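Enquirer: If you scroll down you'll find the structure; I have some questions about it.
The values are calculated or read from the model by the stated rules, or taken from the named source; none is laboratory data. If you're wondering where the values come from, they're calculated on a predicted model, not measured in any experiment. With ideal geometry, Cβ positions are generated from the backbone for all residues, glycine too; neighbour counts draw on all protein chains shown. Calculation scope for accessible area: heavy atoms of the full protein, side chains included, ligands and nucleic acids excluded. Shrake-Rupley method; radii C 1.70, N 1.55, O 1.52, S 1.80 Å.
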Amino acid sequence: VLDLRGVRCPANAARSRLVMSGLPEGASLDIYLDEGSPIENVPGALVADGHVVKKRQKKENFWVISVVKQPARV
């Protein structure tokens, strides 16, 4: 789990990308994000990197996304 609640844009996108880069292919990561810009921007940044957002779920006052790392593009 990567808890990015309280982390402002664009630092949350950068941190999520950094953590995903260190995971092996096929690994899954749950990321906690705040409402607003974070849930609007972070999933798109990860998809742009080639990862797959498998789940996007609203909890009480935050969001959880589940991301699967895909093989690096060449």
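Enquirer: Being over 13 Å from Leu2 (Cβ atoms) and either without any contact (Cβ under 8 Å) to a residue 60 or more places away in the chain or of a type outside the set (Phe, Trp, Tyr) (or both): is that true of Gly50 here?
Expert: So Gly50 fits the description; yes.
Enquirer: Quick one: what pairs do we get from the range 23-42, first residue closer than 19 Å to Pro71 by Cα and among the charged types (D, E, K, R), second open to solvent by 60 Å² or more (accessible area, probe 1.4 Å) and modelled with pLDDT of 95 or more, C-beta under 9 Å, 6+ apart or different chains?
Expert: If the second residue must be open to solvent by 60 Å² or more (accessible area, probe 1.4 Å) and modelled with pLDDT of 95 or more, the pairs left are Asp30/Val1; Asp30/Lys55.
Enquirer: Ok, one more. Can you pull out every residue in the range 31-54 that is in contact with a strand residue (DSSP E or B) (Cβ under 8 Å, 6 or more places away or on another chain), open to solvent by 50 Å² or more (accessible area, probe 1.4 Å) and not in a helix (DSSP H, G or I)?
Expert: Tyr32, Glu35, Val52, Lys54
Enquirer: Could you check Gly6 against (1) without any contact (Cβ under 8 Å) to a residue 40 or more places away in the chain; (2) at negative phi and say which number it fails?
Expert: (2)
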